[in-house]
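This report concerns only the one structure given below.
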Amino acid sequence: MSSFAERHRDRLRDRARERARARAPEGPLRAYLSVPPPPRTTPLAQAPLLAVDFETTGLDARTAQIVSVGLVPIDGRTIGLAGARRLIVRPEGEVGQSAVVHGLTDDIVEAGVPLAEAVEVLLAELAGRLMVAHHSVIEIDFLAAACRRLYGQAPALRSIDTLVLQHRVFRASGPPGSEPPAGSLRLWAARERYGLPTYQAHDALVDALACAELYLAQSAELGAGRDLEVRQVMSRYG
């Protein structure tokens, strides 16, 4: 796409964001929409990012609920462990069989924060940053559903999806026209390529950290010594 077309598209999205900000009720969503994300031409070495992971009671954002949120800031090439956060979220109703996966039983989530508080924290941390997540459609859909429920509208979200980046890594290094082996794009399998350590899965904070580390390795490989720009790794843009 030409630079003129990109600039035109960016202007349209800036206007859409401003219209969304004007419609949003006073509070966390409007505050988030008041701070623009990094421009598409921002070098990754300077990009403010936030690795995000959710644990949920299911995969359908229309019916399932968030029970845990993990957040890890990434500033350029640095993971900000001091700013990492894990929130347990108190859902409406029981956790059900999903506790087998994430280990968050009903008594644990009962002591968690309300969804509104968790989303307020997340939006504040995301303001001015770009989301990084593995298979980011999950986080985007669940955050959008929560915002519609709490504020009556959902923001357009930008993301870097490390699953998509792993597919790009495979295509760049694998045989022409071949597809990745089954399971090779999963978070933990993708990390094995780079010799990254094995962590306990299905903890939102640990998974967010694992995603942040994977992103740094992937972007370095895809850049091949060059500092890529945000637009070159972004999966969704709004």
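The values are calculated or read from the model by the stated rules, or taken from the named source; none is laboratory data. Nothing here was measured: the structure is a model prediction, and the numbers come from that model. Here the Cβ positions follow ideal geometry from the backbone for every residue, glycine too, while neighbour counts run over all protein chains shown. The accessibility values were calculated without ligands, DNA or RNA, using every heavy atom of the protein model including side chains. Shrake-Rupley method; radii C 1.70, N 1.55, O 1.52, S 1.80 Å.
Computed from point charges on the beta carbon alone (+1 for Lys and Arg, -1 for Asp and Glu), the dipole magnitude for the stretch 1-137 about its Cα centre is near 1040 Debye.
Here the chain is assigned +1 on the Cβ of each Lys and Arg and -1 on the Cβ of each Asp and Glu. Its dipole about the Cα centre then comes out at about 1260 debye. Scanning residues 5 or more positions from VAL113 or on other chains, those with amide H under 5 Å from its amide H are ILE88, VAL89, ARG90, with H placed 1.01 Å from N in the peptide plane. For the stretch 119-179, carbon and sulfur atoms together expose 52% of the accessible surface, with a 1.4 angstrom probe and every protein chain in place.
Taken one residue at a time, the phi angles of the stretch 72-81 give Karplus couplings (6.51, -1.76, 1.60, θ = phi - 60°) of 9, x, 10, 10, x, 9, 10, 8, x, 4 Hz. Gly and Pro are set to x.
May I ask for the distance between the Cα centers of the stretch 204-238 and the stretch 114-185, given as a whole number of Å? Answer, in whole Å: 12. Per residue, the stretch 16-63 exposes an accessible area of 50 Å² to a 1.4 Å probe, with every protein chain left in place.
What does the helix-only formula give at 222 nm for the chain: each DSSP H stretch with n ≥ 4 adding -39500 (n - 2.57), the total divided by the residues, and the result rounded to the nearest 500 deg cm²/dmol?
So the helix-based figure for the chain works out to -13000 deg cm²/dmol.
What the pair-distance distribution of the chain shows, using all Cα-Cα distances binned every 10 Å from zero, is 8, 31, 35, 21, 5, 0 percent. Dipole orientation for the stretch 23-108: of the candidates PRO36, LEU71, VAL89, PRO36 has the Cα lying most toward the positive pole (charges on Cβ; Lys, Arg +1; Asp, Glu -1).
Step by step: find N for the stretch 58-168, compute 2.2 N^0.38 Å, then divide the Cα radius of gyration by it. What's the final number?
1.09
Counting only protein heavy atoms and a 1.4 Å probe, the stretch 93-238 has 47 square angstrom of accessible area per residue. For the stretch 39-67, the residues whose amide N sits under 16 Å from a probe point set 7 Å from the Cα of ARG226 along the beta carbon direction are 41-45. Here the chain carries DSSP beta bridges of which approximately 70% are antiparallel, counting only pairs with both residues inside.
Count Lys and Arg as plus one, Asp and Glu as minus one, and take only other residues whose Cβ is under 10 Å from that of PHE170; the net charge is then +2.
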